[in-house]
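Read the structure below first, then the notes.
The values are calculated or read from the model by the stated rules, or taken from the named source; none is laboratory data. Source: prediction; values computed, not measured. Note: ideal-geometry Cβ built from the backbone for every residue, glycine included; neighbour counts use all protein chains shown. Each accessible area value is taken on the protein alone, full model and side chains, heavy atoms only, with ligands, DNA and RNA left out. Shrake-Rupley method; radii C 1.70, N 1.55, O 1.52, S 1.80 Å.
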Amino acid sequence: MKEITAIIQPHTLSHVVAALHALPHFPGLTVVEKVLGQGRGRGTGGAFLLTEHNINFHRKVLLWIACDDAACDAIVAAIARHARTGNNGDGIIVVKDATRVIRIRTGETAGQAV
């Protein structure tokens, strides 16, 4: 089992979700729309000085997906392909091992849970 977390630009969400739903065994996803972030870029001048009036965050969307190992590469590829604009701030995808997954309603575990 894998846990995929992706932070993407809000305007790419519909394209990413459509691409994910086109995959043969897509398990579903959770979307958090009100995410604020700040990448490693420092903007003009190359330095970030935190002041009371200078806290610049960018609006992002967070996707969370739990899936079987076999589906992981296709899901990551679909997100990367459809979230990419080529501009700074396109986002990031993180894949982690999910050691235990349980569906609350049925008690199913692992692959049956997703």
query = Picking from G89, V32, I79, whose Cα lies most toward the positive end of the charge dipole for the chain (charges on Cβ: Lys, Arg +1; Asp, Glu -1)?
reply = G89
note = Output row, site A110, 7 Å Cα→C-beta label point, backbone N cut-off 14 Å, window region 59-81, residues 68-70
ask   = Where nothing but the Cβ of Lys and Arg (+1) and of Asp and Glu (-1) is charged, how large is the charge dipole of the chain around its Cα centre, in debye to the nearest 20?
value = 220 debye
ask   = Based on the Cα gyration tensor of the chain, what are the three equivalent ellipsoid semi-axes, each the root of five times an eigenvalue, rounded to whole Å and given largest first?
value = 31, 16, 12
note = Once R100 and K34 are pulled to full extension, the length gained, defined as 0.36 nm per residue separation minus their Cα-Cα distance, is 21.0 nm
key: For peptides 79-85, 26-32, sequence by mean Cβ density within 10 Å, most packed first   = 79-85, 26-32
request  = Would you mind telling me the share, in percent, of accessible area of the chain contributed by carbon and sulfur at probe 1.4 angstrom?
outcome  = 53 percent
request  = Would you tell me the accessible area of H11, worked out with a 1.4 angstrom probe on the heavy atoms of the protein chains, in Å² to the nearest 10?
outcome  = 110 Å²
task = Could you run the Karplus curve 6.51 cos²θ - 1.76 cosθ + 1.60 with θ = phi - 60° over region 58-74 and give me ³J(HN,Hα) per residue in whole Hz, x for Gly and Pro?
result = 10, 6, 9, 10, 9, 10, 10, 9, 10, 8, 5, 4, 5, 8, 4, 4, 5
